[in-house]
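Below: one structure, written as structure tokens.
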Amino acid sequence: MAGEPDKSLSQLRRGVLPHCVLAALADEERYGFDLVKVLADTPDFAISEGTVYPLLARLRRDGLVETTWRESDAGPPRRYYRLTDAGALALDRFRLDWRGFRLAVDDLLGTGGARR
């Protein structure tokens, strides 16, 4: 564990990435590459297409997102992703779980302000 901050951060990202994808789709549907750009533009959240597309396929198989194909002015048709009702519910549950978990970790780490 000591001397492995990259591995720890990578594991944290991997654990929350599915929910971050759902959150990025909460207010609007997006095509795959647009979603990659939104997530990649988030500080400290370095991800690639090779990570996001398999995850989107899994979320689709799990019934958390659904897709539609649309023509594009900039090239071939694009697959757009949007939350299903089950995806929205999963995101709501994660938000509640995350808040409590984050507060508990902040308390344990002594980062202060966790229970303001």
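The numbers here are math on the coordinates, done by the rules we state, and not lab data. Remember, predicted model here, so these are calculated numbers, not experimental data. A quick note on method: Cβ atoms are made from the backbone with ideal geometry, for glycine too, and the neighbour counts reach across all protein chains shown.
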Check: Once fully extended, how much extra length lies between residue 106 and residue 79, figured as 0.36 nm per residue of separation less the alpha-carbon to alpha-carbon distance?
Finding: 5.8 nm
Next item on the list: Mind putting together the pair-distance distribution for the chain? All Cα pairs, 5 Å bins, whole percent per bin, short to long.
Entry: 2, 10, 18, 20, 19, 13, 9, 6, 2, 2, 0
Next item on the list: Using a 10 angstrom cutoff on alpha carbons, build the Gaussian network for the chain and name the most mobile of 18, 77, 43.
Entry: 43
Next item on the list: Just rank 53, 80, fewest to most, by other beta-carbon atoms within 10 angstrom.
Entry: 53, 80
Check: Roughly what would the spin-label model give for residue 71 and residue 57, points 7 Å off Cα along C-beta, in nm?
Finding: 2.8 nm
Note to self: Looking at the chain as a GNM with Cα springs under 10 Å, which of 16, 65, 36 has the largest mean-square fluctuation?
What the structure shows: 16
Checklist line | Kyte-Doolittle at least -1.0, axis length at least 20 Å by Cα - qualifying DSSP helices, the chain | finding: 5-24, 85-109
Check: Spin-label point model (7 Å from Cα, Cβ direction): what's the residue 41 to residue 97 distance in nm?
Finding: 2.9 nm
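Order these by the 10 Å Cβ neighbour count, fewest first: 81, 31.
Working: 81 24, 31 17.
By the 10 Å Cβ count, ascending: 31, 81.
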Checklist line | the chain - mean residue ellipticity at 222 nm from DSSP helices (-39,500 (n - 2.57) per run, n ≥ 4, rounded to 500) | finding: -19500 deg cm²/dmol
Next item on the list: Under a 10 Å cutoff between Cα atoms, tell me which one of 61, 102, 93 has the largest fluctuation in the Gaussian network model of the chain.
Entry: 102
